[in-house]
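The structure appears right after this line, and notes come after that.
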Amino acid sequence: MSSNASSIPFIPADFFVVKKTGLSQAQALTAYLGGSAFQTIVDNPVTAYRQLVQQYAKDAAGKPVDPRIAVKEARAVFVAHPISASLSGVTPRLIGVGFKRVPKFGILLGFSFFLGEGENPGFAAATAASILSAPFINPIRMIEKQQRAYFRQTGKAKPIWDILKESAAQKFAPLFRGSIPLMGHSMASALLGLVGQPRLQKYIQKEVGDKTNWGRSATGLIASSVVSPIYVVVTNPLSRLEVIMQTNSIQGKSIPVQDAVKEMFHDMTTFGMRGIFRGQGIGIAKAIISLSLFHEGRHFLQDYFQRYNVEHGYLPSE
């Protein structure tokens, strides 16, 4: 494996070459994608529930409702349609592991390996990945949210084909609604989730795990629990903006960022901080679950690839 060079356009010549860290860029990317797919499947019900809590900030007449009522309505949807609600959006999210994560993780790890950081990227790589991958990520997130947008009316997830047909009638422009808040959301996700959590876990492992019987899973859960509240406080308002901009009818007029901000602040003036931070509690739970699952899946695959490379003599000589 260490002697093979890539001849595929846009892929570095040493993409499949095992580095001193014990992994090639291809293996590191595969581990990130595998961890992402594992996380996506398991945390989808929590993701769907959080969207509905945020989406039901208004009633059918368009008037703001108390956050407690929104929670009750979201819960009622899950009680009435537990399977379809839990699985809503999982197909575009899994497809998005390829369409969203390959560009994001590819850019992230490409910069990271170029800067000599290997499979543990730093802040510069995370920033570049967040900005450059947004055009690939946004259409998937739009489709995902549109699938869940009409549960209150129909009790069913909206078919992906219907969403694509409606978007095609407008030259697919609706698929890029919400791109601006997404960039901020993606950057916070990369900086805190992909960079901050692993570094904090490494510190906790050194200071606590090595002196106790706590393994990597336990220290990873602690790190995710510390990072997640910070992440959610930063991203929850951005997530609200995405939901406002991406759940209105594709056939209707798009909601500009400034109008979405006005709507969110009107919610805050009516219901206080509970209005602007709708879904924050479930968001923190989701972030802890998602971060832990992602990094556990990633570590599992990285360990496998590293053992494979050692057993087959692919590690570079000193």
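The values are calculated or read from the model by the stated rules, or taken from the named source; none is laboratory data. Here the structure is a predicted model, which is why all the values come from computation and not from measurement. Cβ: placed from backbone, ideal geometry, glycine included. Neighbour counts: every protein chain shown.
Can you go through ALA169, ALA128 and tell me which one is closer than 30 Å to LEU200 by Cα, surrounded by fewer than 22 Cβ atoms within 10 Å (Cβ to Cβ) and out of contact with any Asp or Glu (no Cβ under 7 Å at 6 or more places or on another chain)? When all the criteria are applied, what remains is ALA128. Take the conditions touching a Leu at 6+ places or on another chain (Cβ under 8 Å) and either over 21 Å from PHE151 (Cα atoms) or free of Cβ contacts under 8 Å to residues at least 60 places away in the same chain (or both) and apply them to LEU94. Does it pass? So LEU94 fails the test.
The helices (runs of 4 or more DSSP H) falling completely within the stretch 105-202 that include 3 or more residues that are closer than 30 Å to GLN27 by Cβ map to 123-132, 134-148, 179-188.
Residues in the stretch 60-106 that are surrounded by fewer than 21 Cβ atoms within 10 Å (Cβ to Cβ), within 19 Å of the chain's Cα centre (by Cα) and aliphatic (A, V, I, L, M): LEU87, VAL90, LEU94, ILE95, VAL102. In the stretch 6-50, of all residues being of a type in the set (Phe, Trp, Tyr) and farther than 30 Å from PHE78 by Cβ, the one that is modelled with the lowest pLDDT corresponds to PHE10.
Checked against the criterion of being in contact with a Leu (Cβ under 7 Å, 6 or more places away or on another chain), small (Gly, Ala, Ser) and under 20 Å from PHE271 (Cα atoms), the candidates ALA61, ALA74, ALA57 yield just one match: ALA74.
In summary, helices (runs of 4 or more DSSP H) completely within the stretch 208-318 and bearing 3 or more residues that are surrounded by 16 or more Cβ atoms within 10 Å (Cβ to Cβ) and of a type in the set (S, T, N, Q) occur at 216-246, 280-311. If the condition is being at pLDDT below 90, within 30 Å of THR21 (Cβ to Cβ) and small (Gly, Ala, Ser), then the stretch 263-312 contributes ALA287, SER290, SER292. Restricting the first member to the stretch 225-244 and to residues that are touching a residue at least 24 places away in the same chain (Cβ under 8 Å) and under 22 Å from ALA48 (Cβ atoms), and the second to residues that are among the hydroxyl-bearing types (Ser, Thr, Tyr) and surrounded by fewer than 23 Cβ atoms within 10 Å (Cβ to Cβ), no beta-carbon pair is closer than 6 Å while six or more apart or on different chains.
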